[in-house]
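K.L.:
Here's a structure for you.
Please treat every number below as a calculation from the coordinates, not as lab data. Just so we're clear, the structure is a prediction, and the values are computed from it rather than from any experiment. With ideal geometry, Cβ positions are generated from the backbone for all residues, glycine too; neighbour counts draw on all protein chains shown.
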Amino acid sequence: MKSVTLHDERVVELWDLSSNFVFTEEDVGKNRALASVHKLQELNNAVAVSALTGDLTKEQLSGFQVSKLFRLL
């Protein structure tokens, strides 16, 4: 895997801290995908991690080699 793109339009809420290891109290109120990028990048520097935070467009999706998208729960 060369890269991973995270997509999430929501912000980190306090309850997210109990179910997601990448979020801290400082992330509350930040976009979930953006708050995850740096921490996930640290897990494997050989994989580029990026984030999309708005509505997905056909143009954006056409740039992906794999059609599967994963969403933070």
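K.L.:
Given a Förster distance of 25 angstrom, what is the FRET efficiency for Trp15 paired with Lys58, based on the Cβ-Cβ distance and rounded to 0.05?
P.N.:
Calculated transfer efficiency: 0.15.
K.L.:
Let me confirm the definition first: pairs of Lys residues in the chain, 8 or more apart or on different chains, C-alpha distance under 19 Å. How many are there?
P.N.:
So the count works out to 4.
K.L.:
Now for a separate question. Return one number: the angle in degrees, 0 to 90 and rounded to the nearest 10, between the long axis of the Cα atoms of helix 32-43 and the longest principal axis of the Cα atoms of the chain.
P.N.:
The helix 32-43 is inclined about 80 degrees to the chain.
K.L.:
What value in Å³ per residue do you get for the convex hull of the alpha-carbon atoms in the chain? If you can, show how the numbers build up before the last one.
P.N.:
Numbers: hull volume 6.3 nm³, N = 73.
Taking only Cα atoms, the chain has a hull volume of 86 Å³ per residue.
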